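Engineer: Below: one structure in structure tokens.
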Amino acid sequence: MRKTSFSGVMLVAGLLFLYLPMVVLIVYSFNSSRLVTVWAGFSGRWYFELLRDGQILAAVWTSLRIAFFSATMAVCLGTLAAFVMVRFDRFRGKTALSSMVTAPLVMPEVITGLSLLLLFVHMAQLIGWPEDRGMITIWIAHTTFCSAYVAVVVASRLREVDLSIEEAAMDLGARPLRTFFQITLPVIAPALAAGWLLAFTLSLDDLVIASFVSGPGATTLPMVVFSSVRMGVSPKINALATLIILTVSLATFFAWYLMRRSEARRRQAMWQDVTAGR
Amino acid sequence: MSNFTARLWRLFKPSRRWVIAVPLLWLTLFFLLPFGIVLKISLSQAAISVPPYSAIVDYANETLNIVVTFGNYLFLATDTLYVSAYWGSVKIALLATVLCLLLGYPMAYAMARAPAHWQLVLLLLVMLPSWTSFLIRVYAWMGILSNNGLINNTLIWAGLIDSPIRMLNTNFAVILGIVYAYLPFMVLPLYANLTRLDMSLLEAASDLGSRKLNTLITVTLPLSKGGIIAGSMLVFIPAVGEFVIPELLGGPNTVMIGKILWAEFFHNRDWPVASALAMVMLAILIVPIALFHRYQSRELEE
């Protein structure tokens, strides 16, 4: 029997603290009463009401589209930024770039949202674009702060990559672009996938920045949830929360399974090498 | 090798410039430049027009007029509401950061010391909540803390209290909400730092007769300084400007600057005052942001 340590107890307590509120949310999503806090029996009616709510469904579709395009663009920009920061020697503007990559990670959302809105208003006055604020402006805003997260994820992977394989490819005559697509890209692909997923969830989740830069045309899911939650607790939101938590948990479990399998494969290959006497 | 670098340079030279230019231009246009515009608007006057502020530079009748107003900043400095909102935000954020650290450090420590095959699972378990939805996680506490919420109902049912304790819409709820929402961001950098900790140093300390607590204070804590700074800044800086948590969990007594800025912008439509509020907030946060940047760039470039 291992001695229980203080930090071990705190870890269990911290995990309980993180998960109990989510469990409560899930349990009450099956409550048949409209009063969320009084248990009145098991029912799935809030899920049916959720699926009949046209406003929520439309917002889900809007948010998913914005998140998809923001994450995709953020992966392109963030990977470039990571490449520049990790691989390139000092050049003018490198400090500026690395500051602009780390600052969005902590910048309060109200500041980012306000500043981007004022930029869009100014641009509309000066060059007549963007005429209306909506999905395009949210896409730009989300791409900007998501690419900072992607850059951090990709940069930490890039630092671990063995440079000698790329050098070998180029010694053998591969052009830099070809080397990038055939050697570097496959090696950092897991980081790109992780960065894309992170950017996708960040974009889906953002309320404050989207509220600032959006126009009447685009209402994202967090905006609908927020205006409903402001009025108080609603069981329909609990049902939505349950579906979100379920989706994220399944995706995480799947990612964990893939990681574990590739790790096991690597170990097996190593073992075979060893037993073969190589 | 010199042949190789020469070839590399020749081939990369035209494209290298592009690789640098694209992210640099995008971030300059959509991250840096907007701050200049916020500064500009903060020096203008509110006006009933679209957009609702007066132009600073105006050219009419062959005269160039430049009108710069410091009135918005003066207004912020003299109105006690704003001063107390800044102070209140910093105080709440600071308290929440300390609580996060006190809970997060032992968690990260236990994770770093766990058997290797458990570490990934524990890391995913800690991070998973942050991938769901911030808004919904804050909302979860509304149902738990409200007057007819889970805690009060349970306490009344158990006969421990007669009337509900007011927990929702208090500063207590706001701090709890911040700790809950930001805990993963505290644990992640701490864990990353503590896994790299050289265990032989701890063994050496214990071999030399150092007690556990003594080792923690004199060896482990100083060595994990980078992680402590990064985690604390990841919690403190966004928490100062937090809007969702004080709006949903806070009460009328919770004056936090993010909430005030939101109200000035969306309800009063006073863009210049909202801009001045943002600039002052940025001025308060510039030192913590620089601190975070120093740690983060060391992480990125090493």
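The values are calculated or read from the model by the stated rules, or taken from the named source; none is laboratory data. Quick caveat: nothing in here was measured; it's all calculated off a predicted structure. Every residue, glycine as well, gets a Cβ built from its backbone with ideal geometry; the counts of neighbours run over all protein chains shown.
Engineer: Give region A:212-234 a look and list any residue that's of a type outside the set (Phe, Trp, Tyr), at the interface with chain B (Cβ under 10 Å from one of its Cβ atoms) and either in contact with a strand residue (DSSP E or B) (Cβ under 7 Å, 6 or more places away or on another chain) or within 17 Å of residue A:146 (Cβ to Cβ) (or both), or say none.
Structural biologist: A:221, A:222, listed by residue number.
Engineer: Further question on the same structure: Please state which one of A:141, A:103 is assigned to a helix (DSSP H, G or I), at pLDDT 95 or above and touching a helix residue (DSSP H, G or I) at 6+ places or on another chain (Cβ under 9 Å).
Structural biologist: Numbers: A:103 fails: at pLDDT 95 or above.
After ruling out the rest, the residue left standing is A:141.
Engineer: Filter region B:93-136 for residues that are of a type in the set (Phe, Trp, Tyr) and at the interface with chain A (Cβ under 10 Å from one of its Cβ atoms) and give the result.
Structural biologist: Step one: list which residues in region B:93-136 are of a type in the set (Phe, Trp, Tyr), which gives B:105, B:109, B:118, B:131, B:134.
If the condition is that a residue be of a type in the set (Phe, Trp, Tyr) and at the interface with chain A (Cβ under 10 Å from one of its Cβ atoms), then B:105, B:109, B:131, B:134 are the ones that fit.
Engineer: Could you tell me whether residue B:93 is under 30 Å from residue A:138 (Cα atoms) and in contact (Cβ under 8 Å) with a residue 12 or more places away in the chain?
Structural biologist: Working: under 30 Å from residue A:138 (Cα atoms): yes; in contact (Cβ under 8 Å) with a residue 12 or more places away in the chain: yes.
The answer is yes for residue B:93.
Engineer: Return the residues of region B:225-278 that are acidic (Asp, Glu) and either touching a Lys or Arg at 6+ places or on another chain (Cβ under 8 Å) or more than 23 Å from residue B:296 (Cβ to Cβ) (or both); say none if nothing qualifies. Talk me through it step by step, then tell me what you get.
Structural biologist: So in region B:225-278, the residues acidic (Asp, Glu) come out as B:242, B:247, B:264, B:270.
Those that are acidic (Asp, Glu) and either touching a Lys or Arg at 6+ places or on another chain (Cβ under 8 Å) or more than 23 Å from residue B:296 (Cβ to Cβ) (or both): B:247, B:264, B:270.
Engineer: Pairs only if they're at least six apart or on different chains, beta carbon under 6 angstrom, first in region A:90-110 and free of Cβ contacts under 8 Å to residues at least 40 places away in the same chain, second in a loop (DSSP other than H, G, I, E, B); list them, first residue then second.
Structural biologist: A:108/B:241
Engineer: In the list B:159, B:241, which residue meets the criterion of being of a type outside the set (Lys, Arg), crowded, with 17+ Cβ neighbours inside 10 Å and either out of contact with any Ser or Thr (no Cβ under 7 Å at 6 or more places or on another chain) or modelled with pLDDT under 90 (or both)? Steps first, answer last, please.
Structural biologist: Numbers: B:159 fails: crowded, with 17+ Cβ neighbours inside 10 Å.
The match here is B:241.
Engineer: In the list B:175, B:151, B:136, which residue meets the criterion of being in contact (Cβ under 8 Å) with a residue 12 or more places away in the chain, assigned to a helix (DSSP H, G or I) and buried (at least 20 other Cβ atoms within 10 Å of the Cβ)? Let's see the steps before the verdict.
Structural biologist: On the way: B:151 fails: buried (at least 20 other Cβ atoms within 10 Å of the Cβ); B:136 fails: in contact (Cβ under 8 Å) with a residue 12 or more places away in the chain.
Going through B:175, B:151, B:136 in turn, the sole match is B:175.
Engineer: Take the residues of region A:1-53 that are more than 9 Å from every other protein chain (Cβ to nearest Cβ) and among the aliphatic types (A, V, I, L, M): which is surrounded by the most Cβ atoms within 10 Å (Cβ to Cβ)? Before you say what the answer is, go through the steps one by one.
Structural biologist: Quick first cut of region A:1-53, residues more than 9 Å from every other protein chain (Cβ to nearest Cβ) only: A:1-4, A:16, A:23, A:26-27, A:29-34, A:39-53.
From what is left, the residues that are among the aliphatic types (A, V, I, L, M) are A:1, A:16, A:23, A:26-27, A:40, A:50-51.
On the way: A:1: 3, A:16: 11, A:23: 12, A:26: 17, A:27: 14, A:40: 10, A:50: 20, A:51: 12.
This residue is A:50.
Engineer: I need the full set of residues from region B:236-271 which are touching a residue at least 24 places away in the same chain (Cβ under 8 Å) and within 19 Å of residue B:133 (Cβ to Cβ), in order please.
Structural biologist: B:238, B:239, B:242, B:244, B:245, B:246, B:248, B:249, B:258
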